[in-house]
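Student: Here you go, one structure.
The values are calculated or read from the model by the stated rules, or taken from the named source; none is laboratory data. No experiment lies behind these values; they were computed from the predicted model shown. Using ideal geometry, Cβ is built from the backbone for each residue, glycine included, and neighbour counts are taken over all protein chains shown. Surface areas here come from the heavy atoms of the whole protein model, side chains and all, with no ligands, DNA or RNA. Shrake-Rupley method; radii C 1.70, N 1.55, O 1.52, S 1.80 Å.
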Amino acid sequence: MSLIEIKGLKKSFGALDILRGVDLNLDAGMTAIIGRSGSGKSTLLRCLNGLERIDAGSIRIDRHQITPTQSDLKSLRADVGIVFQGYNLFPHMTVEKNITLAPMLVQGTPRAQAQDKALHVLSQVGLLEKAKAYPGQLSGGQQQRVAIARALALNPKVILFDEVTSALDPELTGEVLKVMESLSSEGMTQILVTHEMNFAKRAARTLVFMHQGKVWEHGPTAELFARPQTKELDSFLSSIV
Amino acid sequence: MTRSFGWPDLLFLIEAARWTVLVSLVAFAGGALGGALICILKLSGGRLGGAVVRVWVQLGQGIPVLMQLFLFYFGLSILGFSVPPLLAAAVAFGLYASANIGVIWLGAVDAIPKQQWEAGETLGLSWAQQMRQVIAPQALRLALAPTVGFMVQIVKNTSLTSVIGIVELARAGQVVNNATYQPFSVFFAICVIYFILCFPLSLLSRGLERRLHVAH
């Protein structure tokens, strides 16, 4: 059984149909979702942790079920973390407080234990020395790594990455991608919407190509890059240098 | 027969300033409680809450506070309710202050990017936890200066309560002036007293702003 099963997923904003029936099974490991702007990649990702209510179909992630009428978002979010393009750290809290907030409030973790965990996840992203800093004192790349650490602190089974390097210059992009690769080698399941084709090619086990609100092609990364089956994927890949 | 402006008059003014302070404090308290209620209704009260807030704010902001005083003091007594002036002042200033403070605070909450709510939501925080931990502390910083600015206005506007018979600072000044015919001395003294009441508010605001800025 796949870790994630999406069936007939539809989502529209007003008259605009963004997802027009997505069927997709995903296994553990890293999956990259690629496609043109407006193809529904980010919306799909946001549906996966309940940020967007779905109009039709169903999503199952591990033991969590999302349908248009019911979903237990609280338990879902304990298992599915998300990292955003804009980091979205809490600017009025130290890095450590950003990370310990949810474990303490949501999971009832005692402070000392939450702080230990914070230091552990900060060392995972290579920012142990920034625990007492405020987000505003960090570079974009560092803030994004803190955001990853914040998601990790809840011990999720899956982390979603929504264009997490789009706001960063190439050097800072590199440091964030390195963190994601090392998480991958530790066995963390990651689903990313990305425009970093080289990174997707190198690090993602599975590739999903979205087009016009549907999964157009989907399979092992190397295979899709080498032999695109549709002319849409072919032209998308050749349009990217 | 006139007498000159002296210590007894000054004491009379200072005593009258008690009412200025009292009405102001009641307005602050009513404004803060009502303002918080407006925020909660608007942000989590659904369509009904939004409608209540719209009417509340329209009445509180759209009617001059002078007319609100008339309404609650004379209007209600015409209907057969005898309203003590202080109660009418408290209700009128409570309505006026809550509508304005509510709008200031809602604006501050609105100014916090939606992504901050989302980040809290995706970490599993409840709405109240998002509000309490993430949004309110950031909105507080934004709201501080305009809130204190409005509080200073309240202090000055309490002079309007003289129309319903409360002898507060400004009205007391008129009384003293009528007896002494020394308007410059009398009103200068009044200005100094108003300044002494308002200046600490500005200091408080500056102090708080500095303290909240330490975090950045």
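Student: Looking at the structure I just gave you, is residue A:175 at pLDDT 90 or above, in contact with a His (Cβ under 9 Å, 6 or more places away or on another chain) and closer than 26 Å to residue A:37 by Cβ? Give the steps one after another, and end with the answer.
Tutor: Working: at pLDDT 90 or above: yes; in contact with a His (Cβ under 9 Å, 6 or more places away or on another chain): no; closer than 26 Å to residue A:37 by Cβ: yes.
Considered against the rule, which asks whether it is at pLDDT 90 or above, in contact with a His (Cβ under 9 Å, 6 or more places away or on another chain) and closer than 26 Å to residue A:37 by Cβ, residue A:175 comes out as no.
Student: Would it be correct to say that residue B:139 is more than 14 Å from chain A (Cβ to nearest Cβ), part of a helix (DSSP H, G or I) and either among the charged types (D, E, K, R) or surrounded by fewer than 23 Cβ atoms within 10 Å (Cβ to Cβ) (or both)? Steps first, please.
Tutor: On the way: more than 14 Å from chain A (Cβ to nearest Cβ): no; part of a helix (DSSP H, G or I): yes; either among the charged types (D, E, K, R) or surrounded by fewer than 23 Cβ atoms within 10 Å (Cβ to Cβ) (or both): yes.
No; evaluated as a whole, the condition is false for this residue.
Student: Follow-up question, since we're still on this one. Go through the residues of the range A:109-130 one by one and say whether even a single one is of a type outside the set (Ser, Thr, Tyr), within 22 Å of residue A:198 (Cα to Cα) and surrounded by fewer than 20 Cβ atoms within 10 Å (Cβ to Cβ). Spell out how you get there, then give the answer.
Tutor: Of all residues in the range A:109-130, those of a type outside the set (Ser, Thr, Tyr) come to A:110-122, A:124-130.
In the following step, the residues that additionally are within 22 Å of residue A:198 (Cα to Cα) were identified as A:125.
This time we only want the ones that are surrounded by fewer than 20 Cβ atoms within 10 Å (Cβ to Cβ), so: none.
Within the range A:109-130 (the criterion being of a type outside the set (Ser, Thr, Tyr), within 22 Å of residue A:198 (Cα to Cα) and surrounded by fewer than 20 Cβ atoms within 10 Å (Cβ to Cβ)), the answer is no, since none of the residues qualifies.
Student: Six or more apart or on different chains, Cβ under 8 Å: which pairs go from a residue in the range A:76-99 that's more than 9 Å from chain B (Cβ to nearest Cβ) to one that's open to solvent by 10 Å² or more (accessible area, probe 1.4 Å) and of a type in the set (Phe, Trp, Tyr)? Could you list them?
Tutor: Within 8 Å, the pairs are A:95/A:134.
Student: A follow-up question, please. Looking only at strands (runs of 3 or more DSSP E) that lie completely in the range A:1-79, which have at least 3 residues being closer than 25 Å to residue B:117 by Cβ? Reasoning before the result, please.
Tutor: On the way: elements: A:4-13, A:16-26, A:30-35, A:56-61, A:64-66.
Qualifying strands (runs of 3 or more DSSP E): A:4-13, A:16-26, A:64-66.
Student: If you don't mind, there's one more thing I want to ask. When you scan the range B:15-67, how many residues do you find that are of a type in the set (Lys, Arg), surrounded by 20 or more Cβ atoms within 10 Å (Cβ to Cβ) and under 19 Å from the mean Cα position of the chain (by Cα)?
Tutor: 0
Student: May I ask you to verify whether residue B:131 is within 13 Å of another protein chain (Cβ to nearest Cβ), out of contact with any strand residue (DSSP E or B) (no Cβ under 8 Å at 6 or more places or on another chain), in contact (Cβ under 8 Å) with a residue 60 or more places away in the chain and part of a helix (DSSP H, G or I)?
Tutor: For residue B:131, the condition - within 13 Å of another protein chain (Cβ to nearest Cβ), out of contact with any strand residue (DSSP E or B) (no Cβ under 8 Å at 6 or more places or on another chain), in contact (Cβ under 8 Å) with a residue 60 or more places away in the chain and part of a helix (DSSP H, G or I) - is met.
Student: May I ask you to list the residues in the range A:148-166 that are open to solvent by 10 Å² or more (accessible area, probe 1.4 Å), under 21 Å from residue A:195 (Cβ atoms) and within 12 Å of chain B (Cβ to nearest Cβ)?
Tutor: Scanning the range A:148-166 gives a single hit, A:162.
Student: To continue, here is another question. Taking interchain pairs and intrachain pairs at least six residues apart, which have beta carbon atoms under 8 angstrom, with the first residue in the range B:96-110 and closer than 15 Å to residue B:151 by Cβ and the second among the aromatic types (Phe, Trp, Tyr)?
Tutor: B:97/B:28; B:97/B:150; B:98/B:56; B:99/B:56; B:100/B:150; B:101/B:150; B:102/B:56; B:104/B:150
Student: Just to verify a result, which residue in the range A:133-146, among those that are away from chain B (no Cβ under 12 Å) and not in a helix (DSSP H, G or I), is surrounded by the most Cβ atoms within 10 Å (Cβ to Cβ)?
Tutor: My answer is A:138.
Student: Something else now. Filter the range A:76-93 down to residues that are open to solvent by 30 Å² or more (accessible area, probe 1.4 Å) and farther than 24 Å from residue A:62 by Cα, then give me how many there are. Lay out the reasoning, then the answer.
Tutor: Let us first name the residues in the range A:76-93 that are open to solvent by 30 Å² or more (accessible area, probe 1.4 Å), namely A:78, A:85-87, A:91-92.
After this cut, where a residue has to be farther than 24 Å from residue A:62 by Cα as well, the list is A:85-87, A:91-92.
Within the range A:76-93, residues that are open to solvent by 30 Å² or more (accessible area, probe 1.4 Å) and farther than 24 Å from residue A:62 by Cα number 5.
Student: Taking residue B:107 as the residue in question, decide whether it is more than 14 Å from chain A (Cβ to nearest Cβ), open to solvent by less than 50 Å² (accessible area, probe 1.4 Å) and either basic (Lys, Arg) or part of a helix (DSSP H, G or I) (or both).
Tutor: Taking the combined requirement at face value, the residue satisfies it.
Student: So is residue B:81 assigned to a helix (DSSP H, G or I), aromatic (Phe, Trp, Tyr) and away from chain A (no Cβ under 14 Å) or not?
Tutor: Considered against the rule, which asks whether it is assigned to a helix (DSSP H, G or I), aromatic (Phe, Trp, Tyr) and away from chain A (no Cβ under 14 Å), residue B:81 comes out as no.
Student: If I filter the range B:144-160 for residues that are within 14 Å of chain A (Cβ to nearest Cβ) and farther than 19 Å from residue B:69 by Cβ, do I get at least one hit?
Tutor: Yes: the range B:144-160 contains one or more residues that are within 14 Å of chain A (Cβ to nearest Cβ) and farther than 19 Å from residue B:69 by Cβ.
Student: Okay, moving on. Which pairs do you get when a residue that is within 13 Å of another protein chain (Cβ to nearest Cβ), found in the range A:44-55, comes within reach of a residue that is of a type in the set (Asp, Glu), reach meaning Cβ atoms under 6 angstrom, with the pair 6+ apart or on two chains?
Tutor: Between residues of the range A:44-55 that are within 13 Å of another protein chain (Cβ to nearest Cβ) and residues that are of a type in the set (Asp, Glu), the close pairs are A:45/A:162; A:46/A:52.
Student: Outside any helix (DSSP H, G or I), crowded, with 20+ Cβ neighbours inside 10 Å and among the aliphatic types (A, V, I, L, M), is that true of residue B:95?
Tutor: no
Student: Considering the range A:34-65 alone, what residues qualify as being under 15 Å from residue A:76 (Cβ atoms) and open to solvent by less than 20 Å² (accessible area, probe 1.4 Å)?
Tutor: Just the residues of the range A:34-65 that are under 15 Å from residue A:76 (Cβ atoms), to begin with: A:45-54, A:58-65.
Scanning the range A:34-65 gives A:45, A:47, A:48, A:49, A:50, A:54, A:59, A:61, A:64.
Student: Any residue in the range B:177-195 that is assigned to a helix (DSSP H, G or I), open to solvent by 20 Å² or more (accessible area, probe 1.4 Å), under 25 Å from residue B:39 (Cβ atoms) and out of contact with any Pro (no Cβ under 8 Å at 6 or more places or on another chain)?
Tutor: Of the residues in the range B:177-195, the ones assigned to a helix (DSSP H, G or I) are B:177-180, B:183-195.
So of that shortlist, the ones also open to solvent by 20 Å² or more (accessible area, probe 1.4 Å) come out as B:177-179, B:183-185, B:187-188, B:191-195.
Keeping just the survivors that are under 25 Å from residue B:39 (Cβ atoms) gives none.
For the range B:177-195, residues assigned to a helix (DSSP H, G or I), open to solvent by 20 Å² or more (accessible area, probe 1.4 Å), under 25 Å from residue B:39 (Cβ atoms) and out of contact with any Pro (no Cβ under 8 Å at 6 or more places or on another chain): absent.
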